[in-house]
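Notes follow once the structure below has been shown.
The values are calculated or read from the model by the stated rules, or taken from the named source; none is laboratory data. Keep in mind that what you see is a predicted model, and the values were worked out from it rather than measured. Cβ placement follows ideal geometry from the backbone for every residue including glycine, while neighbour counts extend to all protein chains displayed.
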Amino acid sequence: MSGTSAAPMSLRTRMVPLVLLLFITSTIPLSPAVDATASRNLQDFQIVAPVEPFINGSYDLWETQSLIVDVRNNASTPIGGRQLKVSVCAGDHTAGNACPSQVSGFPKTIFLPTLQPDETYTAEFSGGVYTGNLQNQTYTVIYEFSSADIRPEDDRIAYVFHRVTPLKDIAYLSNNADTTYNSGTEYSLSATASTGQFSSGDQAELGWTLSQIGAQVGEQNDCIRIGPGDQPPDTGTNPDDAPPYISTELTSSNDWINLSVNATGLQIGETYSISWETRQNNVINSTNSGESEWIAASPEENFSLEFEDLDDGVHCITTTIAIPILFIEEQSNSIQINGFSTSTTFEAAPITFPNTGHFSIEFWFNSPLDPNEWNDRSDPFEVIVSDDVDITILSVRPARGDDTVVQIGFDNYALYPYGDDSLEVKFRNDGDMIWNSTLSLEVLDSLDSSPIQGYPASCTRMLMPQDEGTCVFNLPILGQYIVNASATGGPTEVDPANNYLETQITVNQTVSGAYVAVPAIDGMLFETGEIIQLVAGLAPNAPLPVNYTWKIDYTEVIAQGRVANVTLPMGNHVVTLHVRHGLMDESDFDEVGIRHIRVLNRINFDALPIITEGEAVSIEEMEFELLGTAFPPTVVHAAAVNIGKTPLRSLDYRLVPTDGDVLNVDYIDVWGNISQLIPSSVDPSSVQAMHIIDGSAGILTPLGEGESFESYSTNNTFHLRTLAKANVSMMLIGDMAPVNVTPMNFRTQQLEGGQIELMWESEGPIDDPYFGGWKVYKRSEFPFRWPYDSESDFENTVSQNWVTDLSGETTSWIDPNPLPEGICASYILAAVDHQGEVDYTHGNVTGWQEVGNPDLQCGDSMAPGAEMLDVRAVLTYNSTSDVHIVTLTWTYPELPDQDDDGVPDGGNITWTLYRTQNIPEAVTHLDPIMTGISGEAYSTGSFVEEQATGVNGLSIGQTYHYILVPSDIVGNTDGVVRDDNVASIHITDMFWDANPHLIPESIVPEKNHDNDWVNSLLSEVNDPNFQTAAIVAIVVIAINMVAVPIVINRNRKIRRRLKFLLEKGRGAPANEEDDDLSEFFG
């Protein structure tokens, strides 16, 4: 065994190299193909076909023609970046595939995007082509790639198009054909087209071509058994009336069947299709069914088909031969073209379909003047020709009321109403033919199926395809019945089974459920003399027919019938409907419906110029009275503010009863002139109305349900409707622009003690009743900004800094809270409306500047402490007038100016002059004798005062002190008396100095004493300096006389204590008396 197997293995091993060699050599011829394939994968683009201009197409000479072409990537990988070029030139240059000279602006190029394998892209060149040549001309268009690829033959296309004028071109647009028709019936057709530059009266032709789709020309049906059992009977051959003819034969073996088909009478060159359908137990075997087309090459063709793996049993095969598109007919008619049109509908020849089936219609236009055939025809479209009739009964149900099922015994019955119009049958034409169908209703007794007298009943309806019909029948019977509804179809009825419907019904005695349908609700309003329509309503299942009687307040008959028109007197009324039907006995009470209505009194009124027209409705007599209008009070009307509206004007009126004190008002309608009530700046369409609840408190409430207010800007009118109120007080509110009042030149002024005064000029109508004044805001931390973007911005930023409200005529205000030294503030002054709401758009800020934040305003409470230079007072005497004169002079000091701006750092100061006989610490309680004193640095000033009588006059023998006190420009002064600012003077009597001749001679003591010292003393006694020295000497002597004993006594005590301590240490007694003497004498 081993020996026999070794040889084949060795042979197999030796053959391996030979096989490999043969395989490698066999692949060498394939290598060029591989290279070609690889190259194709890199670049293989194709110009598929031009889109615009159309090949050999004709276009208007004056139009710009688009340049569009379809290209495709034939490679197996995505490729992009190919450059596509278009050339346009005059003349026919297709033979040379090149343009010798280009039209202006050509050639043009574009780069193509990346295209996926087998993707087609429509490329369009911008700008199109406009030749500018005013003569008819042929042009050549060449689309090509800038560089060729592996298939250069599809990289270029050249063709011609033409520019002509006039261009008489008919272009098909649409038609009126339907999708379903009946055979043997004539139908009208039309088509719509655009007509180019035709002349009026030009003739053309409109036609259509009719073809049948899948026209069956032969059919055979054969059956055969596979497996045990008898063969089915031969169905025979279906004879054909006209060629082609078809014959078939089936043979079988085991689990397969062979079908032999012989077709004769074929027309050479015609396209035919053969189809076969295999069925077993009437179930189609789709695997062994199919079809195939071929073009006949001879008058006879034979086919053989085999079907395998079939189950045991009888198999039937239906074989048909058909022509896919069978030409039936072509018709045309002459049409007249009336010049240029973008869309004109033309009538075509009528069409009649010879039989049922699927057909194709193609419309076409033809004119010898039309150079473009490519846009004259429609695409073929398919229509269905069917003569099917299929009447289907949809339902049998109660004609009145809902579908209700009741159980009687063990059976269920549909509940139907008694009498007229009780049963409704709906049926539909599901076929394709118009059909005049008769519907028959048969009623049988449910117990013995015996017919009921008066039936069957019938009705006839003409039904269009897919239309529904309805028949309504009476049921003047009570009890249980079987109802059969059937409809007539035609000889071509598709499904007769749905032409019949049977159901069980029961008809019971019920009440009518009578009610008053019109008027629809209680409390409806009518006017005296107005015709009131009364309409009775019944329950859907009420017994019919019934009798209707209308009464007022249950007693007085006012009308008969289901619908009645009556008039009633003014007042509140009860209208009753009384109903009786045929199932009621004479003893039965009427079935009654009730409706409450009101017949009202209506008056018309006016109150020009405000109210141009009005009407009011009540059930009492009344008169109208306009109470007046008023501007709203200066309070916040919260209900208006909450919806962003401003109160504008109140309107008050009332209705007054002419008889009695009670007035029940239904409504008041007022039409008026809105311009009489609102400012011209308010858009009337923004105005609303609200009820005034408390005018002084500004409490408003919206209009109630059913009330309304409309205001129209087109004609300045308004309409107001109120309900149930005889006294009406309304507030009109709207979108009013703020009153244009603005504080201009808003500025501050420093006052003494750190106070700030605000000053401004009001610009605008401050007398406007809608202007409410000003609000002042103050902030010390950092300056306000201005302006503000919105009301919320203003509210969130400013409102919490409110300090006071001012009247509209105010133009200045002093802040009662001074600013401490070093603290600055910013102020905003904003306008407010008549209800105190701030208008953030009309205001101003202190310290405003074009760029940056406004400046802070600082107070000045620091008093200056400057001192005058060289203040002195001089007393003089005028001997002529016998008046003593005090002249006060001073020199102004230099004030600090660190920034060298020429203005002192603390501002200029002024001086106030006071005079007193006692120098106080401050001049708080003194009255000045001169104010507003100022001067340049180092200049001098003076004040002259003469002797006078009276309390405040200068008196001889008195001493006066003149005090200068500085104050800054805002009036700050501390009143402190500073030494350098004070000059004192004693008023001595200078009369004798001025009049020495009036002085009597004095006795002068003799100085010729023997002692020269005494003579000298006598001569010096009157010398003031000597007198002063003498006084000082006397004072010193007196001080020494007192102070020396005091010092001696003190030293004595100290020495006595020291001596005591020393003696005590030595133990020796002290001799106090000796010590005292020795201390005294030294």
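Taking the listed residues ASP860, ASP901, the one that is part of a loop (DSSP other than H, G, I, E, B), over 14 Å from SER967 (Cα atoms) and not aromatic (Phe, Trp, Tyr) is ASP901, with no other qualifying.
Among residues of the range 151-175 that are in a strand (DSSP E or B), those with a beta-carbon under 7 Å from a residue that is of a type in the set (D, E, K, R) at least six positions away or on a different chain give the pairs ARG156/GLU144; VAL160/ASP92; ILE170/ASP370; ILE170/ASP376; TYR172/ASP376; TYR172/ARG377.
Scanning the range 602-657 for residues that are farther than 17 Å from PHE718 by Cα, charged (D, E, K, R) and crowded, with 20+ Cβ neighbours inside 10 Å turns up just one, LYS645. Flag set for GLY773, criterion: assigned to a strand (DSSP E or B) and over 20 Å from ASP855 (Cα atoms). For beta carbons closer than 7 Å, sequence separation of 6+ or different chains, a first residue in the range 807-825 that is closer than 21 Å to GLY772 by Cβ and a second that is acidic (Asp, Glu) and exposed (fewer than 14 other Cβ atoms within 10 Å of the Cβ), the qualifying pairs are THR811/GLU761. Annotation note: of SER422, SER458, the sole residue that is within 25 Å of PRO543 (Cα to Cα), in contact with a Ser or Thr (Cβ under 8 Å, 6 or more places away or on another chain) and assigned to a strand (DSSP E or B) is SER458.
Here GLU502 passes the criteria (1) of a type outside the set (A, V, I, L, M); (2) surrounded by 15 or more Cβ atoms within 10 Å (Cβ to Cβ); (3) closer than 22 Å to ASP448 by Cα except the one numbered (2).
Conditions (1) assigned to a strand (DSSP E or B); (2) outside the structural domain of ASP495 (by TED's automatic domain parsing); (3) among the small types (Gly, Ala, Ser), marked per residue:
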position	(1), (2), (3)
ASP370	no, yes, no
VAL396	yes, no, no
GLY401	no, no, yes
GLY431	no, no, yes
ASN436	yes, no, no
LEU439	yes, no, no
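Apart from one condition, ILE597 fits all of (1) farther than 30 Å from PRO398 by Cα; (2) assigned to a loop (DSSP other than H, G, I, E, B); the exception is (2).
One residue is enough: does the range 943-955 have a residue meeting the conditions in contact (Cβ under 8 Å) with a residue 40 or more places away in the chain, of a type in the set (Asp, Glu) and loosely packed, with under 12 Cβ neighbours inside 10 Å? The answer is no, given that none of the residues of the range 943-955 is in contact (Cβ under 8 Å) with a residue 40 or more places away in the chain, of a type in the set (Asp, Glu) and loosely packed, with under 12 Cβ neighbours inside 10 Å. Residues in the range 403-441 that are among the β-branched types (Val, Ile, Thr) and at pLDDT below 95: THR404, VAL405, VAL406, ILE408, ILE434, THR438. For ARG785, the criteria (1) among the basic types (Lys, Arg); (2) at pLDDT 90 or above; (3) in a loop (DSSP other than H, G, I, E, B) hold in every case but one, which is (2).
Okay, residues lined up against (1) buried (at least 20 other Cβ atoms within 10 Å of the Cβ); (2) modelled with pLDDT of 90 or more; (3) not polar (S, T, N, Q):
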position: ALA831; (1), (2), (3): yes, yes, yes
position: GLN835; (1), (2), (3): no, no, no
position: ASP839; (1), (2), (3): yes, no, yes
position: TRP848; (1), (2), (3): no, no, yes
position: GLY852; (1), (2), (3): no, no, yes
position: ASP855; (1), (2), (3): no, no, yes
position: ASP860; (1), (2), (3): yes, no, yes
position: PRO864; (1), (2), (3): yes, no, yes
position: VAL874; (1), (2), (3): no, yes, yes
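Scanning the range 47-86 for residues that are crowded, with 20+ Cβ neighbours inside 10 Å, part of a strand (DSSP E or B), hydrophobic (A, V, I, L, M, F, W, C) and touching a residue at least 40 places away in the same chain (Cβ under 8 Å) turns up LEU67, VAL69, VAL71, LEU84, VAL86. Contact map, the range 301-315: residues that are closer than 15 Å to SER253 by Cβ and among the polar types (S, T, N, Q) paired with residues that are modelled with pLDDT of 90 or more and in a strand (DSSP E or B), Cβ distance under 6 Å, separation 6+ or inter-chain. Pairs shown: SER304/SER260.
Condition first: among the polar types (S, T, N, Q), exposed (fewer than 15 other Cβ atoms within 10 Å of the Cβ) and more than 30 Å from GLY339 (Cα to Cα). Can you find one or more residues in the range 199-214 that meet it? Scanning the range 199-214, I find no residue that is among the polar types (S, T, N, Q), exposed (fewer than 15 other Cβ atoms within 10 Å of the Cβ) and more than 30 Å from GLY339 (Cα to Cα), so the answer is no.
Here is the figure for the range 990-1003: residues that are touching a residue at least 24 places away in the same chain (Cβ under 8 Å) and out of contact with any strand residue (DSSP E or B) (no Cβ under 8 Å at 6 or more places or on another chain) total 1. Scanning the range 733-760 for residues that are of a type in the set (D, E, K, R) and modelled with pLDDT of 90 or more, we see that the one that is nearest to the chain's Cα centre (by Cα) is ASP735.
Here is a check on your reading of the model: is VAL574 aliphatic (A, V, I, L, M), farther than 30 Å from ASP669 by Cα, free of Cβ contacts under 8 Å to residues at least 60 places away in the same chain and assigned to a strand (DSSP E or B)? Spelling it out, it is not the case that VAL574 is aliphatic (A, V, I, L, M), farther than 30 Å from ASP669 by Cα, free of Cβ contacts under 8 Å to residues at least 60 places away in the same chain and assigned to a strand (DSSP E or B).
Whenever a residue of the range 894-909 is at positive phi and at pLDDT below 80, its partners that are among the hydrophobic types (A, V, I, L, M, F, W, C) and surrounded by 10 or more Cβ atoms within 10 Å (Cβ to Cβ), lying with C-beta atoms within less than 9 angstrom and at least six residues away or across chains, give the pairs GLY907/LEU895; GLY907/ILE969; GLY907/VAL970. All of VAL511, VAL406 fail the test of being surrounded by fewer than 18 Cβ atoms within 10 Å (Cβ to Cβ) and either part of a strand (DSSP E or B) or on the phi > 0 side of the Ramachandran plot (or both), apart from VAL406. Consider the range 215-234 and keep the residues that are of a type outside the set (A, V, I, L, M, F, W, C) and surrounded by 18 or more Cβ atoms within 10 Å (Cβ to Cβ). The one that is nearest to the chain's Cα centre (by Cα) is GLY218. Given the conditions (1) within 30 Å of ASP683 (Cβ to Cβ); (2) not in a loop (DSSP other than H, G, I, E, B), report the number of the one that ASP767 does not fulfil. Here ASP767 meets the rest and fails (2). Pairs are defined by a Cβ separation below 6 Å, a sequence spacing of at least 6 or placement on different chains, a first member in the range 265-289 that is farther than 19 Å from ARG225 by Cβ and in the same structural domain as PHE303 (by TED's automatic domain parsing), and a second member that is of a type outside the set (A, V, I, L, M) and not in a strand (DSSP E or B); the pairs so defined are GLY265/PRO243; GLY265/PRO244; LEU266/PRO244; LEU266/PRO299. Filtering the range 562-618 to residues that are touching a His at 6+ places or on another chain (Cβ under 8 Å), more than 24 Å from LEU544 (Cβ to Cβ) and modelled with pLDDT of 90 or more leaves HIS573, VAL574, HIS596, ILE597.
Name the single residue, out of those in the range 676-711 being touching a Ser or Thr at 6+ places or on another chain (Cβ under 9 Å), among the hydroxyl-bearing types (Ser, Thr, Tyr) and more than 22 Å from ALA616 (Cα to Cα), that is surrounded by the fewest Cβ atoms within 10 Å (Cβ to Cβ). Out of the qualifying residues, it is SER685. Kindly indicate which of THR209, THR195, THR251, THR264 is among the β-branched types (Val, Ile, Thr), under 30 Å from VAL164 (Cα atoms) and in contact with a strand residue (DSSP E or B) (Cβ under 7 Å, 6 or more places away or on another chain). The match here is THR195.
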